[in-house]
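Structure first, then comments.
Since every read-out is calculated from the coordinates, none of them should be taken as a lab result. The shown structure was predicted, so the numbers you read here are calculated from the model rather than taken from an experiment. A quick note on method: Cβ atoms are made from the backbone with ideal geometry, for glycine too, and the neighbour counts reach across all protein chains shown.
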Amino acid sequence: MRILAIDLGDKRTGLAVADQETGTVMPVAVLEIPRGPLLVDAIIELIQEHEPARLLMGLPLNMDDSEGDRAGICRTFGDSLEAASGLEVSYQDERLSSDEANRRMAGSGRTHGGKKKLRDALAACVILEDYLAR
């Protein structure tokens, strides 16, 4: 089964895809589109291209495992995406996924701008890897 992961942001949204059978996880894109209908449309295009069976949305939980305002925003966006795509949206704790993405890029030789463009897609990879590991 193919899964498309989404690391939702205010300005940039990272996406990654995984094949659950092989465990292969790859970054797909970083969309620099503000959250809203245009972002939903752009993700729908990627859904058509990659044909996932499921969508996985990173859920920003607080360190005490509670859901704050950001988690509510993600769930609302997930509901919109589920309605537009017809695919089930699952949620995965995304705490520290951006920190892990930064660690993976450390020493890569990329410029600050180059890292910034890749960080969100790598964070989506981390979310997917955590999901597949559980």
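Points worth noting:
- HN-Hα J in Hz across the range 75-92 - Karplus 6.51, -1.76, 1.60, θ = phi - 60°, x for Gly and Pro: 5, 5, 5, x, 4, 5, 5, 5, 5, 6, 9, x, 9, 5, 9, 9, 10, 9
- Under the Karplus curve 6.51 cos²θ - 1.76 cosθ + 1.60, θ = phi - 60°, whole-Hz ³J(HN,Hα) for the range 54-65, x wherever Gly or Pro sits: 8, 10, 10, 9, x, 10, x, 7, 6, 5, 8, 6
- Loop trypsin sites (Lys or Arg not before Pro), the range 1-55, which have at most 14 other Cβ atoms in a 10 Å radius of their Cβ (DSSP): Lys11
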